[in-house]
Each structure stands twice: as structure tokens, then as C-alpha cells.
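Novice: Please read through the structure below; I'll follow up with questions.
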Amino acid sequence: MVQHDDDAPLKLSPLDARHRSLGATMGAFGGWDMPISYAGAGVVAEHTAVRTAVGVFDVSHLGKASVTGPGAAAFLNDCLSNDLNRIKPGQAQYTLCCTGDGGVLDDLIAYLVSPDEVFLIPNAANTAAVVAALAAAAPDGIEIVDRHTDFAVLAVQGPASAEVLDAVGLPSDLDYMSWRDGDLDGLPVRVCRTGYTGEHGYELVPGWGAAEQVWDAVVHEAGLRGGRPAGLGARDTLRTEMGYALHGQDLGPQITPVQARVGWAVGWRKTSFFGRDVLLTERENGPHRASWGLLALDRGVLRGHLAVVDPAGTKIGETTSGTFSPTLGAGIALALIDTVAGVVEGDELAVDVRGRQLRVRVAKPPFVPSHVR
């Protein structure tokens, strides 16, 4: 295994050999060595493929965990933020595992299998922490198992994604945030109509050992439709254009759902979930800061951890994510801005980029139209 800064071994995707054969530029992400972009393409080409045709991502670094036992779904509903009672078996839900003080330990997708089984997909670096938090709260009879390397995850995203799934024999006629078990040449694959790009798309969950066969099939069919493999560089530009929060930047132990504007993923009427009382109080009183989108009016690169200043030059916030939008041809960012500043959509502010004041306009994401539904 390759090493990273703290000398801990980086984990390898089951598709590592495929990425290297495609000349991928690899990089550390969440403790895994993952493709950032591929030779002969690059982030902009991969981004454009997803917006106009189809892109195939390896996101096997994402965690997987199972929660089983009598009343498993009801138990989870007392822990996670969103209300699992809003969905039925065969549907999935975006939800949060919060800390006792209202921060976000992780955001994740919950696949409801039955009242006694839920399959979770947390973020790579947070899987063990989520499993530990749930296990600590679990009553007798409820089993939480970390299944990180039992399954791979591939994201097939873009206007032609349904055609790709049809061509390989996987189910595509799914409502948004619904899933179904299918098979590809006899290999079981769970298919969910979701994604992280803002386009019509799917996430495929095959067994770890089946990843190469599934990858080869969908990449081949994507290529016939003007698509290509896409790395985590394009995944980041795509999700930032949509204003989707990334844990560790736009969400985290110090950034609550209320501040990050993901309160829609909280079942406020529920009587129990981690951090409930603190979050209810924050929601009632109003957060001291809130997330906004920023669209650059000047040429320049926006990144995270840059000061946001008002017209008088006073710091009123900080960017949490930033990138160049290939779709808009301009810099975009997400930022936490002090609510006392009274910022509203359309205001002109500035971001301090190495001493240079780069003008930005306050916006409400998404920066480009959503086609997820």
C-alpha cells in the first residue's frame, strides 16, 4: 500500500488496477488512494461528460454498514436526524449522525430494507466513528456491523445514465431516492437512484470482488454514449455547483445542520435523535452564522478557508469550499457568514485571496439547474 503524510497506509479500492491502467492521477482522500482525474481527459472534460452525457465514478471509499435486528429501523430513527418513517422499504434517505452538542459526526444515506434491516453508506473517514456511536446506543438484539470492504460503490451519473444501466441489464426505472436489487451477468448489484452531481444518476453497490466486472461493463457502455470515467476532482466541481455540503468542509463537528442549511434533513417533530435539544434551541433562536453561495465577479480562484469581507473590509465569514465552475466559467464557493452581518441574496462582498480582494455576489445554491429528479 502507498503511504500518506502520517505514514498510515492508504487503503486501496478494488478498482485500483483499473485506475492505474487508465493513467489516473491518484490522491489521498479519506484515508484511501483514489483517482482524481484520468489521462487524456482531466477534471473539466470529466465534469462536462457528466453534465452532457454520462460519467462513471469509483466511490468505493465510501463506508458501508448494516444495522439489523428486531426494530432496527425504529432504533436508528431515534439516533439519526431524518425521519425514517417518511420512507418505505425500497427507498433511501439522506440523514445525519449528529453529536450530542449538535455538530455533525457524519452525513450518510440510509437504505431501508425492512423494519429490521437498514443499510448505511457513510463517508470514508467517518465509518468507524458512526458504527461506534450507533453501537454505543444500541439495545440488546440490535447489531451494527462495519462492512466497509464487503461492497464497492460505483456512481453512474448524467443524462445518459439510464441508457447505460439498461444496456448492462440493471434496473433504471426507479424514482428518485429509491433502490432495487438487480444483477449484472449473475452478480448481485444494489441500484439506487441517487448521486452527488445534480444530474440524473445512480449508485451501484456490488460485492467487493465483483467491482471490476461491473466497472468494465458500465465504462464500456458509457464510452459508447460519449461518456467516460470520472475522478474525485470532477465529483468536487459537480457537487459544489449544486451547493451540496461536503463533510469536513461544509459540515462537521463544529458546523451544525442549521448553520449548513441542511435542516431539511432533520425530523424536527421526532422526540429523539442525537443532538436534538441543542439543535431545536439553535433553530428557535437562529444560528450565529449560516451557509451562503458566492459567485466570483472577478477572475481568480476561490478555495476553502478564505476570509469573506463586507464592503467596509470587515471580516464577516469564511469560505468552506471553493472551486472553478466549468459550467459557469467562474469561481464559486460556499461560505459560513455571520448572521449579524445581515447578508441577503444578491449582495456584493469580497473574498481575500492572498491579500487581493476578489469581488463576489451572494447567491443561493444551486449555481446551475438541478436535474436529479
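The values are calculated or read from the model by the stated rules, or taken from the named source; none is laboratory data. Remember, predicted model here, so these are calculated numbers, not experimental data. Cβ: placed from backbone, ideal geometry, glycine included. Neighbour counts: every protein chain shown.
Novice: Quick check on ALA167: is it closer than 25 Å to ARG18 by Cβ, touching a helix residue (DSSP H, G or I) at 6+ places or on another chain (Cβ under 9 Å), surrounded by 23 or more Cβ atoms within 10 Å (Cβ to Cβ) and assigned by TED's automatic domain parsing to the domain that holds GLY226?
Specialist: Considered against the rule, which asks whether it is closer than 25 Å to ARG18 by Cβ, touching a helix residue (DSSP H, G or I) at 6+ places or on another chain (Cβ under 9 Å), surrounded by 23 or more Cβ atoms within 10 Å (Cβ to Cβ) and assigned by TED's automatic domain parsing to the domain that holds GLY226, ALA167 comes out as no.
Novice: Turning to a different aspect of this structure: Read through the list (1) outside the structural domain of GLY207 (by TED's automatic domain parsing); (2) in contact with a strand residue (DSSP E or B) (Cβ under 7 Å, 6 or more places away or on another chain); (3) more than 22 Å from PRO89 (Cα to Cα), then give the number of the only condition that PHE119 fails.
Specialist: (3)
Novice: For segment 97-113, does any single residue satisfy the condition of being out of contact with any Phe, Trp or Tyr (no Cβ under 6 Å at 6 or more places or on another chain), among the aromatic types (Phe, Trp, Tyr) and modelled with pLDDT of 95 or more?
Specialist: No: segment 97-113 contains no residue that is out of contact with any Phe, Trp or Tyr (no Cβ under 6 Å at 6 or more places or on another chain), among the aromatic types (Phe, Trp, Tyr) and modelled with pLDDT of 95 or more.
Novice: Could you tell me whether segment 28-49 includes any residue that is aliphatic (A, V, I, L, M), more than 14 Å from ALA152 (Cα to Cα), modelled with pLDDT of 95 or more and touching a helix residue (DSSP H, G or I) at 6+ places or on another chain (Cβ under 7 Å)?
Specialist: yes
Novice: So for segment 193-208 (the condition being over 27 Å from LEU334 (Cβ atoms) and surrounded by fewer than 19 Cβ atoms within 10 Å (Cβ to Cβ)), does at least one residue qualify?
Specialist: Yes; the residues of segment 193-208 include at least one that is over 27 Å from LEU334 (Cβ atoms) and surrounded by fewer than 19 Cβ atoms within 10 Å (Cβ to Cβ).
Novice: Also: Can you run down the residue pairs with Cβ atoms below 8 Å, 6 or more apart or on separate chains, where the first is in segment 242-254 and under 14 Å from GLU318 (Cβ atoms) and the partner is among the small types (Gly, Ala, Ser)?
Specialist: From segment 242-254, the pairs are GLN249/GLY304; GLN249/SER321; ASP250/ALA260; ASP250/SER291; ASP250/SER321; GLY252/GLY103; GLN254/GLY103.
Novice: Same structure again: List every residue pair whose Cβ atoms lie under 6 Å apart, where the two residues are 6 or more positions apart in sequence or sit on different chains, the first residue falls within segment 358-373 and is of a type outside the set (Asp, Glu) and surrounded by 15 or more Cβ atoms within 10 Å (Cβ to Cβ), and the second residue, located anywhere, is assigned to a loop (DSSP other than H, G, I, E, B) and modelled with pLDDT under 95.
Specialist: LEU358/GLY300
Novice: All but one of (1) surrounded by fewer than 24 Cβ atoms within 10 Å (Cβ to Cβ); (2) touching a helix residue (DSSP H, G or I) at 6+ places or on another chain (Cβ under 8 Å) hold for PRO229, so report the exception by its number.
Specialist: Of everything listed in (1) surrounded by fewer than 24 Cβ atoms within 10 Å (Cβ to Cβ); (2) touching a helix residue (DSSP H, G or I) at 6+ places or on another chain (Cβ under 8 Å), PRO229 misses just condition (1).
Novice: Which condition number does ALA74 fail, the rest of (1) assigned to a helix (DSSP H, G or I); (2) out of contact with any helix residue (DSSP H, G or I) (no Cβ under 9 Å at 6 or more places or on another chain); (3) closer than 30 Å to PRO139 by Cα being met?
Specialist: Of everything listed in (1) assigned to a helix (DSSP H, G or I); (2) out of contact with any helix residue (DSSP H, G or I) (no Cβ under 9 Å at 6 or more places or on another chain); (3) closer than 30 Å to PRO139 by Cα, ALA74 misses just condition (2).
Novice: Which residues, counting only those in segment 30-47, are under 17 Å from ASN126 (Cα atoms) and either touching a Cys at 6+ places or on another chain (Cβ under 8 Å) or surrounded by 18 or more Cβ atoms within 10 Å (Cβ to Cβ) (or both)?
Specialist: Answer for segment 30-47, where residues must be under 17 Å from ASN126 (Cα atoms) and either touching a Cys at 6+ places or on another chain (Cβ under 8 Å) or surrounded by 18 or more Cβ atoms within 10 Å (Cβ to Cβ) (or both): GLY30, TRP32, ASP33, MET34.
Novice: Right, ASP250: outside the structural domain of TRP292 (by TED's automatic domain parsing) and either polar (S, T, N, Q) or crowded, with 23+ Cβ neighbours inside 10 Å (or both) or not?
Specialist: Yes.
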